[in-house]
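Read the structure below first, then the notes.
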Amino acid sequence: MDKNLIQRTISGLVYVFVIAICTTPLGEYLLGNIIPDLKQQYLFYGLITFFFVVGLYECIKIMKFDNSFYKWLVFPVAAIIYYRFSKRFFYHGFFFDVNFSELLALALIPIAVITLFKYSQELYFENGKLIFTVIYLALPFGFALGLPKFSTLDPDKPFTLEVFMLFVLIWSSDTFAYLTGKFFGKHKMAPKISPKKTWEGFAGGVILTLILGFFVEQYFPELRGNWMIVGLLISIFAPLGDLVESQLKRSFAVKDSGNIIPGHGGILDRLDSFIICAPVIYLYFILEKLF
């Protein structure tokens, strides 16, 4: 058997196991006897923070910051913004109300994406690199903290599975799109950025992720929102997340964001879809609550 395939399989299984431990009550159940005061939200916060910090480091390497003031300013600026979300996380402050600062932060993400695709020359300046890096990482991972429901004070409100199901639907969208594209793909979606993506694969990903979203909706009624709608949003925006990271690497002539996951690349290579999907689903939860 191909050694690279074995490596990819093992590291992929470890990656899925870590996410399952940190985004479902399984983590608190398995580790509770070892660390009695451990709460599931601590594992989740640790995972998202780890992704954020490593992703920040990888993005700085991809964008090839000069050894300048801006390179060293990225970490504290991103950390301050992420801390704002962290404070709300620990005080259960995500109520999905209409908050101007949150709406502004959500609006900055598509602006950053448009800049990457249409005005990429702006990202060759150090201040442009700083602004893009902070928006691309601190905001999405910050919004991800607000997706699950839980209460430290009320045992009848355990940690819920929104983020785990988000990962499951992203993986299913990627897998279904790949398989459909492999067997039926003829029309390229973005040949210059991601040559393997096809419109047939995209359609397959949408249909099958919608079906999986239907089953999530049926068997996990405690989750926020309608998960057929969530599935549709993920099947649309997960490929966009992949194209965003591909365009970022292409703009700076980089193949992989890192090698922290053997055989799979870096954190950004694995979480490119999650980075775009998390704020989209957060916005959907706001709108779903309002209407």
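Some observations on this one:
- Being small (G, A, S), under 23 Å from L210 (Cβ atoms), open to solvent by less than 50 Å² (accessible area, probe 1.4 Å) and part of a helix (DSSP H, G or I) is not true of G142.
- Single residue of the range 65-120 satisfying the filter (assigned to a loop (DSSP other than H, G, I, E, B) and open to solvent by 50 Å² or more (accessible area, probe 1.4 Å)) that is modelled with the lowest pLDDT: V98
- Lone qualifier among V216, V230 - being β-branched (V, I, T), closer than 26 Å to P158 by Cα and in contact with a Gly (Cβ under 7 Å, 6 or more places away or on another chain): V230
- Listing of helices (runs of 4 or more DSSP H) fully contained in the range 196-291 that carry 3 or more residues being more than 27 Å from I114 (Cβ to Cβ), open to solvent by 30 Å² or more (accessible area, probe 1.4 Å) and touching a helix residue (DSSP H, G or I) at 6+ places or on another chain (Cβ under 9 Å): 199-219
- Of residues in the range 37-64 being among the charged types (D, E, K, R) and in contact (Cβ under 8 Å) with a residue 24 or more places away in the chain, the one surrounded by the most Cβ atoms within 10 Å (Cβ to Cβ): E58
The values are calculated or read from the model by the stated rules, or taken from the named source; none is laboratory data. What you see is a predicted model; the values in this text were computed from it and never measured. Positions of Cβ are backbone-derived with ideal geometry, glycine not excepted, and every protein chain shown enters the neighbour counts. When the accessible area is computed, the model is the full protein with side chains, heavy atoms only, and any ligands, DNA or RNA have been set aside. Shrake-Rupley method; radii C 1.70, N 1.55, O 1.52, S 1.80 Å.
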